[in-house]
Structures are given as structure tokens and as C-alpha cells.
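The values are calculated or read from the model by the stated rules, or taken from the named source; none is laboratory data. Computed from a predicted structure; not experimentally measured. Because the Cβ atoms are built from the backbone with ideal geometry, glycine has one as well, and the counts that use them run over all protein chains shown. When the accessible area is computed, the model is the full protein with side chains, heavy atoms only, and any ligands, DNA or RNA have been set aside. Shrake-Rupley method; radii C 1.70, N 1.55, O 1.52, S 1.80 Å.
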Amino acid sequence: MHTKSIHAKHSGTFKLGDKLPVHRLGYGAMRLTGRGVWGPPADHGAAIATLRRAMDLGINFIDTAESYGPGISEELIAEALHPYPRDLVIATKGGLDRSGPNQWPVNGRPDRLRDELEGSLRRLKLDFIDLYQLHRIDPNVPEADQFGFLQTMQAEGKVKHLGLSEVSVDQIELAGRFFTVVSVQNKFNLADRQWESVLKYCEIQNIAFIPWYPLQIGTLKGSPVLNRIAHAHGATPPQIALAWLLHRSAVMLPIPGTSQVAHLEENVAAAGIELSAQDMDALSAAA
């Protein structure tokens, strides 16, 4: 693959809330934890090394959550990187409980959200969170209570910017009555594009669209089209799927996660892949 040097800057830049510039290829810190996103990592040293290597490669946007571990991911970030580089933006999330490995009960009660936010500030060793996101909207709690709490935290200076996850356009607009939504984190990848309407809305409003599960290729695994394009660029299919996201929209901020340095470097190398319009059309049609 004839790429530029491996560096996140090749993914371009986006300004969160028109104020915080980040390289569009970020890092998702969920996989730093143990099996089932529960407990400490199997290899603590590898997790720390991966975080520090991410800084070497120019990544300046890390996405984590209180629920990852729970708390473990945030603790590892602080251990590896604090005091933080001046340009590093750390986003975290609240709104879930954890009852065990792979268990994710939703809890959007304001008292629970407050406990989560305070815990995140403590573990990350921060006075405020650059980007705080509601992990899920709790259907059993009035939306106004959840959004109102976030509005209050922003007014108190505990968070700078606010975002949402797994939401519809209607929900984004409702939240917008309480605060400016600067990011939306919905599942989106080459093989799963059910949130196209939300992506389009984010493009119009200049809201960051953070696709989780960005490397999924699903039924495209073994696809002649995907394999042909990957071969032409000397890349792997997941790298092409990541490059497709970066080319798909200027508001797209993929956050592939890993706990291994080699895999991290492979992901960041995708920022240097230049897909043609024909490549993009072929991949979109194949999916």
C-alpha cells in the first residue's frame, strides 16, 4: 500500500462544537477492559502501551465511558496519559448500569447520571469533561429530566460540550431545546447503514457523527468487490471499511478500538488510504 506516514492527521480535522479541533480518526477505549467489557484487561502493559502509542500516531480524540469496566477504561487512560497532551480531547459517557459482563441496563435517572459524571471526573483527573455523551436515553425516565440534568452540568462548568448516542433525528431535536448537541454516536459501518437519515441531519447541522462498531464488514466478508479494492491498495478489508467511513462524510469521526499496538497501527494506517470515487461507489453498492 502506497500510503503516507502512519499518522491520524491524514484523516483530516473536525471542530467539535466549532471549537475543539480533533483529527477525524479517533480511538475507542472500550476494548481496553476485560472480557465482556468487564474488569481489568488481560494484559495491563499492552493496554497502557496502546494508549501511549495512540498519542505518538497523532490521535487526539479518545472516546470512553463510565460503563467500560466499569470505570476501568477511564482509570487506564489517566494512568497512561495524565498529565494529558494539550490538544487531547477525551469524551466519556454516562447513562448505563453494569450488572455483569456484557450486561448493559439503561439508567438515566439524574441522581445516577450525577454519580457517573462525578466518578468520571475523578478517575480521569479532570476538572471538566470536554465532551460528555448520554450513552442511551432511558425510556423509563422523562427525557426532559435527562436532558435537563445535562444542561445543568454544562451550566455548572462540569462539561464543555454535550452529545448523544443511538438516537433518532427527533430525539436530537428534542435535546436541542436544552443544549447544543455537538456529537451523535450511532452504530454505522460499511455493512450497517440504518442511520443514514441521522448522518444526513448531522451533515446539515455540522454535528460530529461518531460511528461505533466501525470495522464491521458483516456479510461483505469474502466479498469479491471488497477483496479486490483491498488488494489494489495493499490493505486489509477492515482498513478499507475504515477508509470508506472517512471518505463517506466530512463529519464522520470513526473510533476503532483495540488493546494491541500492532492493531492500532493498522487502523491508523487506514487514514492514508485514498479511495477513488469508483472505489466508493463499488463499496457502497456491494453493501
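For region 163-209 and region 1-72, write down the distance between their C-alpha centroids in whole Å.
Here the two parts' Cα centres lie 21 Å apart.
When the helix-only estimate is applied to the chain (DSSP H runs of n ≥ 4, each -39,500 (n - 2.57), divided by the residue count), what is the mean residue ellipticity at 222 nm, nearest 500 deg cm²/dmol?
-11500 deg cm²/dmol
Take every Cα pair under 8 Å in region 66-205 that's 6+ residues apart, average their separations, divide by the length, and report that relative contact order as a whole percent.
Once normalised by length, the contact order is 19 percent.
Give the accessible surface of region 1-62 per residue, rounded to a whole number of Å², with probe radius 1.4 Å and ligands, DNA and RNA excluded.
Each residue of region 1-62 exposes 48 Å² on average to a 1.4 Å probe.
Of the listed values (1) 14.0; (2) 18.2; (3) 20.6, grab the one calculated as mean projected area of the Cα convex hull in nm² from the structure here.
Working out mean projected area of the Cα convex hull in nm² from the coordinates points to (1).
About the Cα centre of the chain, how large is the charge dipole given +1 on each Lys and Arg Cβ and -1 on each Asp and Glu Cβ? Please answer in debye to the nearest 20.
400 debye
If you filter region 1-78 for trypsin sites (Lys or Arg not before Pro), then keep DSSP loop positions with at most 12 other Cβ within 10 Å, what is left?
Lys4, Lys19, Arg35
Take the alpha-carbon centre of region 123-159, take the same for region 217-279, and report the distance between them in whole Å.
Each part reduced to its Cα centre gives a spacing of 33 Å.
What residue among Ala271, Tyr84, Val251 has its Cα farthest toward the positive end of the dipole of the chain, where the charges are +1 on Lys, Arg and -1 on Asp, Glu, each on the Cβ?
Most positive-ward Cα: Ala271.
What percentage of the solvent-accessible surface of region 89-165, computed with a 1.4 Å probe over protein heavy atoms, is contributed by carbon and sulfur atoms?
Whole-percent figure for carbon plus sulfur exposure: 46.
Using a Gaussian network model of the chain with C-alpha springs under 10 Å, which one of Gly71, Gly94, Gly157 is most mobile by mean-square fluctuation?
Among Gly71, Gly94, Gly157, the largest GNM mean-square fluctuation belongs to Gly157.
Write down the Å³ per residue value for the convex hull defined by the alpha carbon atoms of region 61-158.
91 Å³
Sum up the lysine pairs in the chain that clear both bars: alpha-carbon distance under 15 Å and a spacing of 8 or more or different chains.
6
Kindly identify region 191-287 as rounded, prolate or oblate by the Cα gyration tensor criterion: order the square roots of the eigenvalues as a ≥ b ≥ c, call it rounded if a/c is under 1.5, otherwise compare a/b with b/c, prolate if a/b is larger, else oblate.
Judged from the Cα gyration tensor, region 191-287 comes out oblate (a/c at least 1.5, b/c at or above a/b).
Considering Cα pairs under 8 angstrom that are at least six residues apart, work out the relative contact order of the chain and quote it in whole percent.
Reported as a whole number, the value is 21 percent.
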